[in-house]
Amino acid sequence: MLNDEIRNDFPFFKDNDLIYLDNAATTQKPQMVIDRLTNDYVNNSFNVHRSNYMAAQKTTDAYENVRHAVAKFIGAQNDKSIVFTNSTTDGINLVANGYFINQIQAGDEIVVAISEHHSNLLPWQRIAKQKQAHLRYIEITTDGRLNINQAAEVINDSTKLVAVAAVSNVLGTLNPIEQLTTLAHQHHAQILIDAAQWAPEMPIDVSELKPDWLVFSGHKMLAPTGVGVLYGKPDLLEQILPPAVGGEMVLSVDREHFTQQQIPIRLEAGTPNVMGVLGLGAAIEYLNSVGMQNVQEHCQMLGQKIYNRLSKLDDVTVYGSTIRDTGIVTFNINGIHAHDVASALDLRGIAVRAGYHCAEPLIKALHTNSTVRASTYFYNTENEIDRFIEAINLTKEFFNSYGH
Ligand code: PMP
């Protein structure tokens, strides 16, 4: 189990009493990532893959070394299967608009879970409409898990893609992605895993799981905003028609035509987010030193503690399974709007998110109009959870004494 001293690696907590429970939105940065970025801005501010003087070559090497570190981090055997993007949203849209738009035909089916984040729903909704294909949903069971029996009925020979999050950003559930991958492949469909909440909390091994596509964001795992990762099987990445063309991704250009570079550079048109990628490299180095198994255990322990404490309180509804997989817990205080709860907690120095959490169909399926979400990361402590529960009790008392 990680001890509380790990917080000392994060300068934000040194001068700040905020109890930060909005880690599913984005994470704080360790000093090591900040130092590395400062150094890179001072010493390595060169463009990549262009100039052949030594200083620029060093930055290109550093950029490509991060590609290798990312591949290792998720168990990918080939660096060519790693494309740097801006974010999870960007990666999914790249696959949707560069690949599936040319694959999906009228009558085909795309399967998503009802719990998808909008980023893994809207691109498929739009393609389904444009191509007169059908969007099919995997529903959740009463304990907030994906209904795998129903999934086995929904996924069929017309399915071309199963697009699911490994971990729901609302319920915090780890979905049965091994079974879904097997089901998809049995029907010759592809599977795209949204790993935005998975990559930050758990070890990933794509060589074991064998998804066709997998996407995540750097900023939810200690890296700067504006950098993300798309993993794709190389033969599939080869088939993407790059939505963006321009500098760097070409081999040769004449008046009428151009020929393209190899993957993955072909899919990284223009000057990439060099500093973001270098920052992601530092974040991965830091996470490897902590150990993803330790991160997983600590977050799961905190999530379980929040769940156990909240579910004992009167007038509190906690959504999802009694067994927690991650550090994300979603709930409501009955009769009090989630935004009021979040504002009351804010006044007590606690940051949580309230609303739809970019997963409106799920919130509607839970028969509510908004929820409060507390999401922990490995630098949160058990003491913070005690103070959070105390604040929930005081919030309940406050609203009850004034009526609502
Ligand atoms: N999918 C999931 C499951 C998420 O939690 C998020 C971020 N909340 C996203 C996609 C989108 O990530 P980003 O905003 O970094 O593109």
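The values are calculated or read from the model by the stated rules, or taken from the named source; none is laboratory data. Computed from a prediction, not measured in an experiment: that's the story for all the values here. Reconstructed Cβ throughout: ideal geometry from the backbone, glycine too, with neighbour counts over all protein chains shown. These accessible areas exclude ligands, DNA and RNA; they are computed on the full protein's heavy atoms, side chains included. Shrake-Rupley method; radii C 1.70, N 1.55, O 1.52, S 1.80 Å.
Structure notes:
- Helix axis angle, 274-290 relative to the chain longest principal axis, alpha carbon, degrees: 50 degrees
- Computed label-point distance, nm, for sites Ile148 and Gln179 using a 7 Å Cα→Cβ extension: 0.3 nm
- Label-point separation in nm, Asp254 to Thr225, each point 7 Å along Cα→Cβ: 4.6 nm
- Compared with the dominant principal axis of the Cα atoms in the chain, helix 292-311 is inclined by about 30°.
- 222 nm mean residue ellipticity, helices alone, for the chain (DSSP H n ≥ 4; -39,500 (n - 2.57); rounded to 500): -11500 deg cm²/dmol
- In the assembled protein chains, Val42 presents an accessible area of approximately 110 Å² (probe radius 1.4 Å).
- Accessible surface of Arg126, taken over heavy atoms with a 1.4 Å probe and every protein chain present, rounds to 130 Å².
- Full extension of the chain between His339 and Gln293 gives 13.2 nm of extra length, using 0.36 nm per residue less the Cα-Cα distance.
- Placing a pseudo-label 7 Å from each Cα along the Cα-to-Cβ vector at Thr322 and Glu139 gives an inter-label distance of 2.3 nm.
- Once the Cβ-Cβ distance of Tyr41 and Asp157 is raised to the sixth power relative to R0 = 60 Å, the FRET efficiency obtained is 0.70.
- Length gained when the stretch Gln262-Glu238 is fully extended (0.36 nm per residue, less Cα-Cα span): 7.8 nm
- Order of exposure, largest accessible area first, which applies to Lys364, Lys131 with probe 1.4 Å: Lys364, Lys131
- A Förster radius of 30 Å combined with the Cβ-Cβ distance from Glu397 to Lys14 puts the calculated FRET efficiency at roughly 0.40.
- Segment 44-289, accessible surface, carbon-and-sulfur percent (1.4 angstrom probe): 49 percent
- Ranking His219, His337 from most to least accessible surface, computed with a 1.4 Å probe over the protein chains only, gives His337, His219.
- Using a probe of 1.4 Å, the accessible surface attributed to Thr173 totals some 10 Å² when neighbouring protein chains are kept in position.
- Cα-based Kirkwood hydrodynamic radius, the chain, one decimal, Å: 22.2 Å
- Using the 1.4 Å probe convention, the accessible area of the chain works out to 42 Å² per residue with neighbouring protein chains retained.
- When the charge dipole of the chain is built from unit charges on Cβ atoms (+1 for Lys and Arg, -1 for Asp and Glu) and taken about the Cα centre, the candidate among Gly270, Ile336, Leu174 whose Cα reaches farthest toward its positive end is Gly270.
- Over 25 Å between alpha carbons, listed pairs Lys80/Lys220; Lys29/Lys233; Lys80/Lys129; Lys72/Lys131: Lys29/Lys233; Lys80/Lys129; Lys72/Lys131
- Given 14 as the ceiling on other Cβ atoms within 10 Å, longest exposed-site-free region of the chain for GluC sites (Glu not before Pro) in DSSP loops: 257-404
- Across the protein chains, with a 1.4 Å probe defining accessible surface, the residues Phe258, Phe331, Phe13 rank Phe258, Phe13, Phe331 from largest area downward.
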